[in-house]
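The structure appears right after this line, and notes come after that.
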């Protein structure tokens, strides 16, 4: 999978360089298409990651309330970075910064159940 992603990335870079010289308005569209293609490849691999987390959760006996938010935080982080990079590539740095800020807030909100479980575990030890 990694070599496919690298190959698509290199092809996308070459296409982008050529399009910027002759048709700059299509260069952004090419970036979006290449980015979405790579994203789709990564999503296929995400299933294996979720299966491994489920295996570890079953093996260790950690509650689903802890594992689920962790997976969501990872997903939000990757999607936020992808969309922010896409906005920045299209020349919208201000929008990219707002996307990053929204992602950080979403991650904080998703981390609340983990923090609650951590605090209750600490209180139960005391």
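The values are calculated or read from the model by the stated rules, or taken from the named source; none is laboratory data. Owing to the predicted nature of the structure, the values given are computational and were not obtained by experimental measurement. Because the Cβ atoms are built from the backbone with ideal geometry, glycine has one as well, and the counts that use them run over all protein chains shown.
The table below lists the values:
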read-out: Count of the range 65-97 residues which are out of contact with any helix residue (DSSP H, G or I) (no Cβ under 7 Å at 6 or more places or on another chain), loosely packed, with under 13 Cβ neighbours inside 10 Å and in a helix (DSSP H, G or I); value: 2
read-out: Where a residue in the range 97-126 is within 18 Å of residue 63 (Cα to Cα) and its partner, wherever it lies, is surrounded by fewer than 13 Cβ atoms within 10 Å (Cβ to Cβ), with Cβ under 9 Å and at least six apart; value: 113/65; 114/65; 116/65; 117/63; 117/65
read-out: The lone exception for residue 2 - which of (1) assigned by TED's automatic domain parsing to the domain that holds residue 118; (2) at pLDDT below 85 it fails; value: (1)
read-out: Pair list, Cβ under 7 Å, 6 or more apart: the range 37-54 residue without any contact (Cβ under 8 Å) to a residue 40 or more places away in the chain, other residue surrounded by 13 or more Cβ atoms within 10 Å (Cβ to Cβ) and in a helix (DSSP H, G or I); value: 37/8; 38/5; 38/8; 38/9; 50/71; 53/67; 53/71
read-out: Selection count, the range 1-22, where residues are surrounded by 13 or more Cβ atoms within 10 Å (Cβ to Cβ) and touching a residue at least 40 places away in the same chain (Cβ under 8 Å); value: 0
